[in-house]
Every structure is written in C-alpha cells, then in structure tokens.
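The values are calculated or read from the model by the stated rules, or taken from the named source; none is laboratory data. These figures come from a predicted structure and were not determined experimentally. Cβ: placed from backbone, ideal geometry, glycine included. Neighbour counts: every protein chain shown.
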Amino acid sequence: MIESPLVMKTLFMVGPVPVTEPVVVTWGIMAALALGGFFATRSLALSPTRYQAVIELVVGAIEDQIQGTMHVAPKPYVAMIGTLFLFILAANWSSLIPGIEPPTAHIETDAALGLVVFCSIIYFGIRVRGIGGYLRTFAEPSIVMLPINLVETFTRTFSLVVRLFGNVMSGVFIIAIILSLAGLFVPIPLMALELLIGAIQAYIFTVLAMVFIGSAAAGERTSGRKQREQP
Amino acid sequence: MNWIEIVSIFAATVAVSFGAVGPALGEGRAVAAAMDAIARQPEAAGTISRTLFVGLAMIETMAIYCLVVALLVLFANPFVR
C-alpha cells in the first residue's frame, strides 16, 4: 500500500507544536531566496556585473508580464507577484534535491498561498478603488449578479489552490508509483516532465493571481487607457 | 473489507476514468487548433506554443480535479474510520 499523499511526516516538536517536513522545506526555500536576494542587491552598480544582469533580466521579465497582463504600472505589484512566482518555482523545483518533497505537494502550503492571493485581491482592490468602490464591483453588471460574484470570489481562489496542489501532488504520486513498480532509472523522463509542469504551474498561478488582482484593482478601462496615453 | 470501502474504490476508478474523457477531448481540440495556426503562420509559433502550454495546463486541471477527488475518496474518506 502506498502511503497517503494527504498525511504528513512530523519531524520534531517545538513545545506542543509539531513541525512537519513541508514546513522545514518551506523555511529552507525562504532562507535561500532571502539570502540570495540580500547578496544580489548588496553591491548594485550602474554598470551591472554578470550576476546583477541576470537578476535585472528576471525582474524586468516579471515587470513586463505584469504590464502585459494587468495594463497598469507594475511598480506596486512587482514585489508581491515576483515573490509569489519565485517561491512557487523554487518550491516545485525543490524536488531536484534528493530526499526532498516539494512543499506545494501538500494542500496546506497551497492553501496558505491562496490565502495570500485572496487577501491581496481585497487589499489592492480597496487601495485603488476605496472601500465603496471595491464593494460596488460586486454588483458590477447589475445587482442580480451579487450572489454569483460573492461566490466567485471564494471559488476562484479555491480552484487556484486545488490546481497547484493537484498538479504537483499528482506528479510526486505518479513518480512514487512508477518507482515502486519499475526500476531505478525508469521515472527519470517523468521527473523531467514534472519540472516542466512545475514551471508552467508556477507561471499559471502567478498569471491568474495577476488577473484576479487586476480585475479587482485595475480601475475602469478608460482610466487605464488615459494613464497609458499620458507618458 | 466492508461495503463502503468497495464502493469507494469503485467510485475512485469511475471518477478518474470518466473524468479523463472530457479533458482528453478538449486537449485534442486545442492541440489541433494550435497546429492549424502554426501551419498557417509559422512565424507566430513561439507565441502560439507558449499560449498552448498554458491552455493545456488549464484544461488538464479538470482531470487533476478528478484525481484529487479520487484520492480524497481513497485516503481521506469521511465514512471510513
């Protein structure tokens, strides 16, 4: 019997709180990303070094994606969206290190990420439109749509969570099944496919988060067009 | 092995097998349309295939939902204690 993908191994206890494996991996990824970001931005120069050029390329690509998807100036969103993308990508690819299971293969990690997206939709919506303006978007085409819009607010975040969880978990699960059926080197093509799926899912999660935030916050179509015409 | 477990295993099988039919048809149509578009306009192949990958992942999510339901039925069934 293959062990259930829904239960987690407890590594050690901090007082009464059990610390599970995904939590440790998540903190490791967070530490790696934070240290990498710290050392990358410590000595920024006007004429970039090779390392700084790579970082600038990544940040520029994320800004271009935000500009292209949300049609607004990317400055307020690039920190959140960029962190989300880099974290999910690092989490999905952390299975490259032997013995480590990606933390996104457990629904708790994905639920936390979905909660971040849910809260930031409300935050950016209220920040751009004000509380009244944000609440008015729920009755946007007509007041009849109010319950559907309310339900949609929750279900779209939930489907975001289940999509990431299902894709990453199914990859881990299938590799485990193949490994238990066949020999040592047979799952390698599937693992390569899993890397592609991990990258695509990170991209999709980020793009959908951008679309949701954009629909709550990007303002009226006309005002967005005016902002772009000004410069 | 009681009745609930037997029915659960059967339900998981049915969920995955029938849940895979719709996404398979959808992915086939999407790939066919993308091939058509690339054949008509080979210079747009990069954009088309990038969009195709994202679209395929979105369609595949439907099959993944069925897999998640099947795993819930198998491993986290509320009626099996």
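Side notes on the structure shown:
- Selection within the range A:107-128 - farther than 14 Å from residue A:161 by Cβ and β-branched (Val, Ile, Thr): A:122, A:126, A:128
- Test: residue in the range A:84-102 that is among the polar types (S, T, N, Q), within 19 Å of the chain's Cα centre (by Cα) and at pLDDT 90 or above: yes
- Residue A:196, sole failed condition from (1) crowded, with 17+ Cβ neighbours inside 10 Å; (2) within 14 Å of chain B (Cβ to nearest Cβ); (3) over 22 Å from residue B:69 (Cβ atoms); (4) without any contact (Cβ under 8 Å) to a residue 24 or more places away in the chain: (1)
- Just one of the listed residues (A:6, A:33) is within 14 Å of another protein chain (Cβ to nearest Cβ), surrounded by 13 or more Cβ atoms within 10 Å (Cβ to Cβ) and in contact (Cβ under 8 Å) with a residue 40 or more places away in the chain, namely A:6.
- When residue A:86 is tested against (1) more than 14 Å from chain B (Cβ to nearest Cβ); (2) in contact with a Pro (Cβ under 7 Å, 6 or more places away or on another chain); (3) within 23 Å of residue A:66 (Cβ to Cβ), just one condition goes unmet, and that condition is (2).
- Screening residue B:80 with (1) at pLDDT below 90; (2) away from chain A (no Cβ under 14 Å); (3) over 21 Å from residue A:200 (Cα atoms) gives one miss only, at (2).
- Tally, over the range B:35-62, of residues that are assigned to a helix (DSSP H, G or I) and more than 15 Å from residue A:200 (Cβ to Cβ): 14
- Pick from the range A:115-125, criterion within 15 Å of residue A:83 (Cβ to Cβ) and not hydrophobic (A, V, I, L, M, F, W, C), ranking: surrounded by the most Cβ atoms within 10 Å (Cβ to Cβ): A:120
- The listed residue being farther than 30 Å from residue A:93 by Cβ and at pLDDT 85 or above, out of A:189, A:147: A:147
- Residue within the range A:60-74 that is surrounded by 13 or more Cβ atoms within 10 Å (Cβ to Cβ) and in contact with a Lys or Arg (Cβ under 8 Å, 6 or more places away or on another chain) present: yes
- Qualifying residue in the range A:104-111 (condition: outside any helix (DSSP H, G or I) and either more than 17 Å from the chain's Cα centre (by Cα) or surrounded by 18 or more Cβ atoms within 10 Å (Cβ to Cβ) (or both)): yes
- Subset of the range A:127-154 [among the hydroxyl-bearing types (Ser, Thr, Tyr) and touching a residue at least 40 places away in the same chain (Cβ under 8 Å)]: A:134, A:137
- Any chance residue B:70 is away from chain A (no Cβ under 12 Å) and assigned to a helix (DSSP H, G or I): no
- Test: residue in the range B:43-55 that is within 14 Å of another protein chain (Cβ to nearest Cβ), surrounded by 13 or more Cβ atoms within 10 Å (Cβ to Cβ) and touching a residue at least 40 places away in the same chain (Cβ under 8 Å): no
- Restricting A:54, A:25 to residues that are surrounded by 11 or more Cβ atoms within 10 Å (Cβ to Cβ), assigned to a helix (DSSP H, G or I) and without any contact (Cβ under 8 Å) to a residue 24 or more places away in the chain narrows the list to A:54.
- Residue among A:125, A:132 that is closer than 14 Å to residue A:215 by Cα, small (Gly, Ala, Ser) and modelled with pLDDT of 85 or more: A:125
- Yes/no for residue A:18 being more than 14 Å from chain B (Cβ to nearest Cβ) and either in contact (Cβ under 8 Å) with a residue 60 or more places away in the chain or among the hydroxyl-bearing types (Ser, Thr, Tyr) (or both): no
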